[in-house]
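**Q** Take this structure, written in structure tokens, and hold onto it; I'll ask about it next.
The values are calculated or read from the model by the stated rules, or taken from the named source; none is laboratory data. Here the structure is a predicted model, which means the values were calculated and not measured. As a convention, Cβ positions derive from the backbone with ideal geometry for all residues, glycine included, and neighbour counts pool all protein chains shown.
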Amino acid sequence: MNLHIPDSAYTAFAVSLIVAIVLVLTKKFHGRFSMDGLVGVQKAHTTPTPRIGGVAIVAGVIAGWAMAKPERQAILGPLLLAGLPAFAFGFAEDITKKVSVMARLLATMASGALGWWLTGVSITSVDIPLIDSLLTIGWVSVLFTAFAIGGVANAINIIDGFNGLASGFVVVALVGIASIAIGEQDTSLALSCLCIAAATLGFWFINWPWGKLFLGDGGSYFGGFALAWACVMLIERNSGITAFAALLVCIHPVTEVLFSIYRRKMRQTHPGHPDRMHLHNLIMRRVVRTRWGVSRSMTNPVTGLLLALMSVPAVLAAYAMHGHTLVAAMLCLVFVLGYVTLYARLVRFHWCSPIAFLFVKPAQKLSVNSLN
């Protein structure tokens, strides 16, 4: 089936791009509130930069919704309304730098619950018998949906460390979901995903490579919510698609957040405490800068693009195996073990078993010397 990209997607892209450019050109007026400073463990930029790129993406999606046909407006409208708490709390953090991690997590979960309230859609099956039996209970299904959406939204925020990384991943993932939806003849969902991807791409062109505008918490939480909600809609609207296919699409950020919690617990640090030990940080230092010899001015964008494209194999696997539960589940495990194996290689400087790596003492595994 041929997919014709609708005018609403082009509109979403154009509006997002224009708003992003305007935000950059007017930074002297809003910079005192919107600038991302240079002090912080995870900072990888060299000049203060506006971190309110989420405004451009939301504006693009609104424009796309206004131009869309009624069947797509029925998807994009509730998504925009439900995404407001996630965007608003993230945007408040971008402006004030005072919104706690817990408040933002709860806001993204509230967006998931609001999505259910507006549409009646929640996760009713994850292809795991015991859990599926619990999901037949209405309030359990809604809570599970809110938790899953909050988790994915926060995972996108965690991987937002380099130019083009988080936004690039969201574009790749949404295109993947659109492709799977087209295969199931769900054209309305597919075109809605392309509209959101187009709005995100408009921002991406200003963010990558030179980082003139950052996604910010508002953008990462809204983009993460939109991606997670698209996954929920995909598996609930199409019974032939396994939930593990949706997990495959999001496997990179989901693995990143779960592994980050694990390693911080093993090192006896707070799970929400920022550090420079994420996979993207290590790849920048160990591979892009040291092994490839990329100049310091280009390590940020090269790393961002590389990590975003690393999600393509998982998305392609999800597309190929979206109707095969066991195979998709096994592929999820393969990608998780591959992530841990690569991480182990970067901190130990030699290949080793991912299982052995997970159960080695933190002092040996993540020593200070190995990360300098």
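**Q** Tell me yes or no: at least one residue of the range 277-286 is closer than 26 Å to Leu337 by Cβ and not in a helix (DSSP H, G or I).
**A** Checked against the condition, which is being closer than 26 Å to Leu337 by Cβ and not in a helix (DSSP H, G or I), the range 277-286 yields at least one hit.
**Q** Let me ask another. Tell me the residue from Thr255, Thr269, Thr290 that is out of contact with any helix residue (DSSP H, G or I) (no Cβ under 6 Å at 6 or more places or on another chain) and either among the charged types (D, E, K, R) or within 19 Å of Asn154 (Cα to Cα) (or both), please.
**A** Exactly one residue qualifies, and that residue is Thr269.
**Q** Then there is this: Check whether at least one residue in the range 241-263 is of a type in the set (Gly, Ala, Ser), at pLDDT 95 or above and in contact with an Asp or Glu (Cβ under 8 Å, 6 or more places away or on another chain), and report yes or no.
**A** Within the range 241-263, one or more residues are of a type in the set (Gly, Ala, Ser), at pLDDT 95 or above and in contact with an Asp or Glu (Cβ under 8 Å, 6 or more places away or on another chain).
**Q** Still on this structure, I have one more. Would you call Thr303 buried (at least 16 other Cβ atoms within 10 Å of the Cβ) and of a type in the set (Val, Ile, Thr)?
**A** When the stated conditions are applied, Thr303 passes them.
**Q** Consider the range 1-15. How many of its residues are farther than 15 Å from Ala68 by Cβ and modelled with pLDDT of 95 or more?
**A** Count: 0.
**Q** Test of understanding: among Met102, Met109, which residue is of a type outside the set (Lys, Arg) and at pLDDT below 95?
**A** Met102
**Q** Hey, any hits in the range 115-124 for a residue that's more than 22 Å from Ser239 (Cα to Cα), modelled with pLDDT of 95 or more and of a type in the set (Phe, Trp, Tyr)?
**A** No, every residue in the range 115-124 fails to be more than 22 Å from Ser239 (Cα to Cα), modelled with pLDDT of 95 or more and of a type in the set (Phe, Trp, Tyr).
**Q** Give the range 145-167 a look and list any residue that's buried (at least 24 other Cβ atoms within 10 Å of the Cβ), small (Gly, Ala, Ser) and in a helix (DSSP H, G or I), or say none.
**A** Listed by number, the residues that qualify are Gly150, Ala153, Ala155, Ala166, Ser167.
**Q** I'd like the full set of residues that are within 21 Å of Pro78 (Cβ to Cβ), assigned to a loop (DSSP other than H, G, I, E, B) and among the polar types (S, T, N, Q), limited to the range 99-124.
**A** Ser122, Thr124
**Q** If Val142 satisfies all but one of (1) among the aliphatic types (A, V, I, L, M); (2) part of a helix (DSSP H, G or I); (3) buried (at least 24 other Cβ atoms within 10 Å of the Cβ), what's the number of the condition it fails?
**A** Looking at each condition in turn, Val142 falls short on (3).
**Q** Can you say whether Gly240 is at positive phi and either small (Gly, Ala, Ser) or within 15 Å of the chain's Cα centre (by Cα) (or both), as far as the supplied structure shows?
**A** The answer is no for Gly240.
**Q** Considering only residues that are within 15 Å of Val170 (Cβ to Cβ) and either among the acidic types (Asp, Glu) or in contact with a His (Cβ under 8 Å, 6 or more places away or on another chain) (or both), which ones fall in the range 215-238?
**A** Result: Asp217, single match.
Each row is one residue, and each column tells you yes or no for (1) within 20 Å of Asn281 (Cβ to Cβ); (2) surrounded by fewer than 14 Cβ atoms within 10 Å (Cβ to Cβ).
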{"site": "Ser311", "(1), (2)": "yes, no"}
{"site": "Met321", "(1), (2)": "no, no"}
{"site": "Leu333", "(1), (2)": "no, yes"}
{"site": "Leu346", "(1), (2)": "yes, no"}
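**Q** Looking at (1) free of Cβ contacts under 8 Å to residues at least 40 places away in the same chain; (2) among the hydroxyl-bearing types (Ser, Thr, Tyr); (3) within 26 Å of Val101 (Cα to Cα), which is the one condition that is false for Thr255?
**A** (1)
**Q** Considering (1) modelled with pLDDT under 95; (2) assigned to a helix (DSSP H, G or I), say which one Gly293 fails and leave the rest.
**A** (2)
**Q** Name every residue in the range 296-323 that is outside any loop (DSSP other than H, G, I, E, B), within 23 Å of the chain's Cα centre (by Cα) and of a type in the set (S, T, N, Q), in order of residue number.
**A** Thr299, Asn300, Thr303
**Q** Something else now. How many residues does the range 218-244 hold that are closer than 15 Å to Leu76 by Cα and in a loop (DSSP other than H, G, I, E, B)?
**A** Summing the residues that are closer than 15 Å to Leu76 by Cα and in a loop (DSSP other than H, G, I, E, B) in the range 218-244 gives 0.
**Q** Checking Asp132 against (1) out of contact with any helix residue (DSSP H, G or I) (no Cβ under 7 Å at 6 or more places or on another chain); (2) touching a residue at least 60 places away in the same chain (Cβ under 8 Å); (3) acidic (Asp, Glu): exactly one of these is not met. Which one?
**A** Of (1) out of contact with any helix residue (DSSP H, G or I) (no Cβ under 7 Å at 6 or more places or on another chain); (2) touching a residue at least 60 places away in the same chain (Cβ under 8 Å); (3) acidic (Asp, Glu), only one is false for Asp132: (2).
**Q** In addition: Give the residues of the range 207-216 that are over 11 Å from Ser167 (Cα atoms) and buried (at least 20 other Cβ atoms within 10 Å of the Cβ), sorted by residue number.
**A** If the condition is that a residue be over 11 Å from Ser167 (Cα atoms) and buried (at least 20 other Cβ atoms within 10 Å of the Cβ), then Gly211, Lys212, Leu213 are the ones that fit.
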